[in-house]
Structures are given as structure tokens and as C-alpha cells.
Amino acid sequence: MPRYCTDLIDIESQFSSAELEVRDTVAEFVDRRIRPNIARWYEDAILPRTLFPEMAELGLFGMHLQGYGCAGKTGTEYGLAMQEMEAGDSGLRTVVSVQGSLAMSAIAKNGSPGQKQRWLPKMARGEVIGCFGLTEPTAGSDPAGMQTTARRDGDDWVLNGSKRWIGLASIADIAIIWARAEDDEDPDGGAGRVRGFIVPTDSAGFSATPITAKLSMRVSNQCDIALNDVRLPAEAILPENAGLRGPFACLSEARYGIAWGAMGAARDAIETALSYSAQRQQFGRPLSGYQLTQQKLADMSVELVKGQLLALHLGRAKDAGTLQNHMISVGKLNNCRAALDICREARTILGGNGITGDYSPLRHANNLESVRTYEGTDEVHTLILGQQLTGESAFR
């Protein structure tokens, strides 16, 4: 079956040759290195770190950042790459997102020239792996409730607190930790303004413990972080964008990539269902020859191309400099929701065989339960859009 047979409205014609080259290069990597192994990795909960150097060589780490050894690709090219990565597996697309859209973007957007020069080239090459410590055990969707603190002690900073669901934390070399600086007054209230810190993970008092027994995102790494009197030099602080707008700008980058990535998972699920139904014989004919099967395939593919068009619109807006945060919420909310429905429906075409690791739809659906939740739940994005529509904030 030809690749991209789900492109019912010729979306491909909207991409430049450079964009298609990025897409096809990442798709070839996924076909060669991920698809043959993903079922085993998922079953055994293995994050294949051996892929990291190849991912770096492809320019995936910080690929939409400019300078400092980053690939400097457009937002649309980055989106296409994320679509192909998540067609392989959400957990491996998340590696790229945590490294580039979160950890590297935090330094690129908020760091000093020296911090950028020190860390970004090494991170782009995959020599340094980063993580992004924002979420806490009691402050997930409400980062304003952050309890992690940073206090001055002479010229040093001392961090105390905890973080949860932090991707790559136990294998990272540095962590971007967001904390309330006790001596930095927060104009919005709270015990200090939120500031970001570059924390080497070998610092005394820093520990990261993987969260195990996950039913989703098994080819990935999420951790609890404990910070117990972690002492940092003055230059560890990210000097720009004090306050929550610092981490929120990074979350916007990650959410944008998710809007594309979710469509990759959905597309792969449909392609799997198409291939299976063409070969599976039931009552003397291929399953794909029955009206109910074709209705499922048609409905799923219509939702897919709608989501892909939405992602493309966001990409063009990002490249034009007109992308706004509420637009990203439209993409993240709609495309995660649509992708999850598609993957669940695709699984039904596979019958009982669809619950095995031999086929991708249920694995994608399980992963999308996490993707739908992280970087803002449905509820959070709904309220972002509600505020945009009404001018009223309903968060509190």
C-alpha cells in the first residue's frame, strides 16, 4: 500500500520540496530504525538511547532553533518531522520535544549569550541531554501553585522542592528547573517570582527516579525529581523573562509540535487498518470490501486530513510570525482528541488481533492518553479558548 494513501485532498501539494525532503528523511529513519523494533521496546519499556546520536545527526534536536549548531528549520519543517516521529511512536517524538522544544528552547529564549554558547551546540549534537522541570506533584495544570523555591545564600542559589512527570530526567545531564525565587517579588502574588535555573544533574541534592508500571508512553522516560538544598552558582539562573511567561513560551513550542505529532499517530493507525482490512478475509471476501469497514476508514481519514490542515495552518502562521497561543490550543485540543478517536476506531477493524503488539493502533491510543494530558489537559485548553472568546478568565 503506498505511503500517504490517506491524503484525500492532496495536502502534499501544499509543501515545498525542502519540506517534503525533511518529511521523507525522517520517515525513512522511522521505517529503518523504529518500526522493526517498536513492539519489543514498548513491551519491555525500553527507551532506545542508541537512537539519540542518529536523531542528533538528522538535526532533530532543537531543529527549529537558529544558530548554535541547530538545524534552523522552519516551523512547518519541524512539524512535519514530528508527524513522522509520532507515526513511529509518541514516546520517541517526546524525546525530541523535551530536548528541543522544552530544554533547549528554555535556554534559547531565556538564557544569556554565554549559557547559549555553552549548552546549545552540545545539546544539538546530542552530547548533552536536557529535561524540563515545571510540573509538580500538586501543581500540574496550575503552575502558579508551584512550591519549589530558590533562595539566595551569598552569591549562590539554593533550590528545594519536587517535580513530577519530568521527561528524560534520570538520563539527563542538565535540568531546567523552574522555582519561586524568594527574594524576587512576584507582582501576581505568591512567594516569589518564578525563575528558571540550569541545574547539572550530578549536583549534590538532585535526584531523579523513573516512574514505572506505566500503561502509556512505555518507550519513554518520565521521572520524579527531588531537590534537597541543591546549591548553584549565580550564573545558573536564566536571566531573561522572569515569571511564568518563561516556561509558558516553551510549553507553546511543545504544544505546537504535538498538534502535528498526534496526526502522525492517527495516520499510522489508519494505514495499519487499511493494510489489515485488505488482507483479512471474512465471509469469503476482504474486510475492506464491506460497507461498514469503508465507513470507518472514510470517517477516520476525513478527520485526519482536517487535523493535518489545521496543523499546516499553524505551521504557516508560525513561519509568518503570526501564530498566537490560543491558536496552538485549538491545534493541541482538536488534534489530540481526534487522533485518540481515530486510533481507537482503527483498532476495531483489527478485531482481537488489534490488542497485540503486532499492530500499532492500540499502542498509539495508549500513548495518546498521555499526549492528550501533558502540555495542558483538554480542560486547560478549553478554558484558554473560552477566555479568548469571552474575555473572561474562568481558571479560578
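The values are calculated or read from the model by the stated rules, or taken from the named source; none is laboratory data. Quantities reported herein were computed from a predicted structural model and do not represent experimental measurements. Reconstructed Cβ throughout: ideal geometry from the backbone, glycine too, with neighbour counts over all protein chains shown. These area figures cover heavy atoms from the full protein model, side chains too; ligands, DNA and RNA do not enter into them. Shrake-Rupley method; radii C 1.70, N 1.55, O 1.52, S 1.80 Å.
Numbers at a glance
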{"read-out": "Single condition V98 does not satisfy, out of (1) in a helix (DSSP H, G or I); (2) farther than 14 Å from Y256 by Cα", "value": "(2)"}
{"read-out": "Residues located in the range 198-224, provided they are among the β-branched types (V, I, T), closer than 12 Å to G133 by Cβ and touching an Asp or Glu at 6+ places or on another chain (Cβ under 9 Å)", "value": "I198, T201"}
{"read-out": "Residue in the range 339-348 that is farther than 30 Å from L274 by Cβ and either assigned to a helix (DSSP H, G or I) or without any contact (Cβ under 8 Å) to a residue 60 or more places away in the chain (or both) present", "value": "no"}
{"read-out": "Test for G72: is it at pLDDT 95 or above and in contact with a His (Cβ under 9 Å, 6 or more places away or on another chain)", "value": "yes"}
{"read-out": "Strands (runs of 3 or more DSSP E) lying entirely in the range 114-193 (those with 1 or more residues that are among the β-branched types (V, I, T) and over 28 Å from D378 (Cβ atoms))", "value": "149-153, 156-167, 174-181"}
{"read-out": "Any hit, the range 282-294, residues being surrounded by 15 or more Cβ atoms within 10 Å (Cβ to Cβ), on the phi > 0 side of the Ramachandran plot, at pLDDT below 95 and not in a strand (DSSP E or B)", "value": "no"}
{"read-out": "Candidate set from the range 134-150 (those that are open to solvent by 30 Å² or more (accessible area, probe 1.4 Å) and among the hydroxyl-bearing types (S, T, Y)); member that is modelled with the lowest pLDDT", "value": "S141"}
{"read-out": "Inter-residue pairs, beta-carbon under 7 Å, first among the aliphatic types (A, V, I, L, M) and at pLDDT below 95 and in the range 96-121, second buried (at least 19 other Cβ atoms within 10 Å of the Cβ) and not in a helix (DSSP H, G or I), 6+ apart", "value": "none"}
{"read-out": "First in the range 350-374 and more than 26 Å from K332 (Cα to Cα) and part of a helix (DSSP H, G or I), second anywhere and open to solvent by less than 50 Å² (accessible area, probe 1.4 Å) and among the aromatic types (F, W, Y), Cβ under 8 Å, 6 or more apart", "value": "N353/Y276"}
{"read-out": "Helices (runs of 4 or more DSSP H) lying entirely in the range 1-84 (those with 2 or more residues that are farther than 29 Å from T356 by Cβ and either out of contact with any helix residue (DSSP H, G or I) (no Cβ under 6 Å at 6 or more places or on another chain) or not hydrophobic (A, V, I, L, M, F, W, C) (or both))", "value": "17-29, 52-57"}
{"read-out": "Options S101, S105, S90, S112: the member that is more than 30 Å from A269 (Cα to Cα), open to solvent by less than 10 Å² (accessible area, probe 1.4 Å) and either among the small types (G, A, S) or within 18 Å of the chain's Cα centre (by Cα) (or both)", "value": "S105"}
{"read-out": "Sole residue being over 30 Å from K214 (Cα atoms) and either surrounded by fewer than 17 Cβ atoms within 10 Å (Cβ to Cβ) or in contact with an Asp or Glu (Cβ under 6 Å, 6 or more places away or on another chain) (or both), chosen from E43, E21", "value": "E21"}
{"read-out": "Residue within the range 183-197 that is out of contact with any helix residue (DSSP H, G or I) (no Cβ under 6 Å at 6 or more places or on another chain), open to solvent by 40 Å² or more (accessible area, probe 1.4 Å) and under 24 Å from F61 (Cα atoms) present", "value": "no"}
{"read-out": "From Q308, Q281, Q295, Q291, residue being within 24 Å of M82 (Cα to Cα) and among the polar types (S, T, N, Q)", "value": "Q308"}
{"read-out": "The range 117-133: number of residues that are open to solvent by 40 Å² or more (accessible area, probe 1.4 Å) and under 26 Å from T149 (Cβ atoms)", "value": "1"}
{"read-out": "The one condition in (1) surrounded by 20 or more Cβ atoms within 10 Å (Cβ to Cβ); (2) more than 24 Å from L350 (Cα to Cα) that H313 fails to fulfil", "value": "(1)"}
{"read-out": "Long-range neighbours under 7 Å by Cβ, at least six apart or interchain, first residue under 14 Å from G59 (Cα atoms) within the range 13-24, second open to solvent by 50 Å² or more (accessible area, probe 1.4 Å) and of a type in the set (D, E, K, R)", "value": "V22/K73"}
{"read-out": "Whichever residue in the range 321-333 is part of a helix (DSSP H, G or I) and touching a residue at least 60 places away in the same chain (Cβ under 8 Å) and, among such residues, is nearest to R372 (Cα to Cα)", "value": "K332"}
{"read-out": "Matching residues in the range 237-247 - criterion: being open to solvent by 10 Å² or more (accessible area, probe 1.4 Å), in contact (Cβ under 8 Å) with a residue 40 or more places away in the chain and either outside any loop (DSSP other than H, G, I, E, B) or closer than 24 Å to S207 by Cβ (or both)", "value": "I237"}
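Okay, residues lined up against (1) aromatic (F, W, Y); (2) open to solvent by less than 10 Å² (accessible area, probe 1.4 Å); (3) at negative phi:
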{"position": "G321", "(1), (2), (3)": "no, no, no"}
{"position": "G331", "(1), (2), (3)": "no, yes, yes"}
{"position": "R337", "(1), (2), (3)": "no, no, yes"}
{"position": "R347", "(1), (2), (3)": "no, no, yes"}
{"position": "I355", "(1), (2), (3)": "no, no, yes"}
{"position": "G376", "(1), (2), (3)": "no, no, no"}
{"position": "V380", "(1), (2), (3)": "no, no, yes"}
{"position": "I384", "(1), (2), (3)": "no, no, yes"}
